[in-house]
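Below is one structure; the comments refer to it alone.
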Amino acid sequence: MDATLDAAGVSDPGALADVAVAADADADAVAGSPDASAAPAGAPAASTGARPLVHHRPAVTELRLSAFGAHRAAAFPLGPVSFLTGPSGSGKSQVLAAYEALAGLGSGATLEEAFPDPHARIPERALPDEQRRRGFRIGCTVDGPAGPVRLDLAVQVEPALRIVGERLSADGQVLLSTALRDPGRPSVQASWLTGGAVGVTRAPLPDDRLGTALLPLRVAGSTAGQRQVLAAAEQVVVALRSVFPCDPRPDRMRAPVLPGEGRLAGDCANLADVLRRTRHECGTRHALLAAAAGAGCAGPVRGLDVRAPGGGPVTALLDRGAARPATELGRLGSGELRFLALALVLLTGPGVLAMDPAAELLSARQALTVLADGFDRGLDRRQNAELLRLALLSCGRGHVRLFAAVGEEAATAARGTPGVAVVDLTHE
């Protein structure tokens, strides 16, 4: 049985994390997997022209899938703009799903909320042990003012969904470790650095939530060790909470929408209402979006307008100039609608997106990360080029990051571009 799911047998609580969340070198033995050679081996190849960054805002700089779906011992370096590419079935969606799940856990979601289909995340061909247990392991590195901080997580799926091991570490020092000691209780035994005469504090934590996200509520910060733990935990939580999964759905974007709070949903169905808000409140960004629309939409574009007669449903329009009638967004092609929605996401910030960033930290100290599966779906070469330009413009300022799955054509165009990392999941 893999050590990641066998933490209950550990006798030394101080070493729980090292056993509960094994190193990547041990990823060949996951939940009894009989054939390590059948899974993709090694870290994916990445090409990047980015310069080393000093991360003043917390940001996820590496995603690790030690054992998750089709991925084994995989590490994905992430820059300001990172593209995943590879053939169908290579696991691009699994990678983005892992990042989105970690973001959900960092925001306080339960395991069931973060992994609605956990059985699909169990490594392929993994066999249960004698106690019929199987699961998966994921993790990430978050860079920021506290330096690189590692988070590693082991999740049991069968026979019951629960966290069996978590480790938070920095500079080789374990700051938090948890392990499942009593399978009959809905909790894990947690140990975190205290420093001083006590050294380590031990207490139970729920087995369905990320312990790192709970630490700010449990640690007083009265010792140097506690302050180190808090700084690392808060850095990870801020980075994970500042994530916006985005998949524009043109079929939901065509009809007029009722006025609301003007925060863009993940499917961008309320695009017209958000344009109503940006037109009145964000003049500079709205003008940038209108200029981008001219590059990504067919025909002349003089601006973006909205119509809401009597405070009723909002309709968004492309202003074609005085010589031509305006075009309702509902008449645009699917690629044009996806382009407009993605351009808006890249040009805006958390205050205009339906997400819950860390309210205790100024937005200027946070970096929004946009996750997009099929980023270039339905787009032509001209639209892809404009979105890449907008991504580099926004991400170059440090307040937006982009992690997206793209097709080979978009990946080829991005390769060699300074500031863009292309991760190829093609396995020979």
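The values are calculated or read from the model by the stated rules, or taken from the named source; none is laboratory data. In this text the structure is predicted, and so the values were computed from the model without any measurement. So basically every Cβ, Gly included, is an ideal-geometry build from the backbone, and we count neighbours across all protein chains shown. Note: accessible area is taken over every heavy atom of the protein model, side chains too, but ligands, DNA and RNA are not part of it. Shrake-Rupley method; radii C 1.70, N 1.55, O 1.52, S 1.80 Å.
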* Identify all residues within the stretch 377-419 that are within 30 Å of residue 56 (Cβ to Cβ) and among the acidic types (Asp, Glu); write none if there are none. => 386
* **Test for residue 294: is it surrounded by fewer than 20 Cβ atoms within 10 Å (Cβ to Cβ) and on the phi > 0 side of the Ramachandran plot** => no
* Asked: Could you say whether any residue in the stretch 200-210 is among the small types (Gly, Ala, Ser) and touching a Leu at 6+ places or on another chain (Cβ under 9 Å)?
  -> no
* Structure fact -> Subset of the stretch 197-234, residues in contact with a strand residue (DSSP E or B) (Cβ under 6 Å, 6 or more places away or on another chain), free of Cβ contacts under 8 Å to residues at least 60 places away in the same chain and surrounded by fewer than 16 Cβ atoms within 10 Å (Cβ to Cβ), comes to 203, 204, 224
* Of everything in the stretch 262-276 that's in a loop (DSSP other than H, G, I, E, B) and either in contact with a strand residue (DSSP E or B) (Cβ under 8 Å, 6 or more places away or on another chain) or hydroxyl-bearing (Ser, Thr, Tyr) (or both), which residue is nearest to residue 334 (Cα to Cα)? -> 269
* Take the stretch 303-325 and flag every residue that is more than 21 Å from residue 383 (Cα to Cα) and surrounded by 18 or more Cβ atoms within 10 Å (Cβ to Cβ). => 306, 314, 315
* The one condition in (1) of a type outside the set (A, V, I, L, M); (2) more than 25 Å from residue 228 (Cβ to Cβ); (3) open to solvent by 10 Å² or more (accessible area, probe 1.4 Å); (4) in contact (Cβ under 8 Å) with a residue 60 or more places away in the chain that residue 148 fails to fulfil -> (2)
* Could you tell me whether residue 322 is at pLDDT below 95 and either within 19 Å of residue 386 (Cβ to Cβ) or not in a helix (DSSP H, G or I) (or both)? => yes
* To do: Kindly indicate whether any position in the stretch 70-84 is touching a residue at least 40 places away in the same chain (Cβ under 8 Å), open to solvent by less than 10 Å² (accessible area, probe 1.4 Å) and at positive phi.
  => no
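Return the residues of the stretch 85-123 that are of a type in the set (Ser, Thr, Tyr) and open to solvent by less than 50 Å² (accessible area, probe 1.4 Å); say none if nothing qualifies.
85, 90, 99, 110, listed by residue number.
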* Asked: What is the residue count in the stretch 235-253 for residues that are in contact with a strand residue (DSSP E or B) (Cβ under 6 Å, 6 or more places away or on another chain), of a type in the set (A, V, I, L, M) and in a helix (DSSP H, G or I)?
  -> 2
* So residue 130 fits all but one of (1) in contact with a Pro (Cβ under 8 Å, 6 or more places away or on another chain); (2) over 22 Å from residue 414 (Cβ atoms); (3) modelled with pLDDT under 95; what number is the exception? -> (1)
* For the stretch 89-122, enumerate the residues that are in a loop (DSSP other than H, G, I, E, B), within 18 Å of residue 158 (Cα to Cα) and either free of Cβ contacts under 8 Å to residues at least 40 places away in the same chain or in contact with an Asp or Glu (Cβ under 9 Å, 6 or more places away or on another chain) (or both). => 110, 116, 117, 122
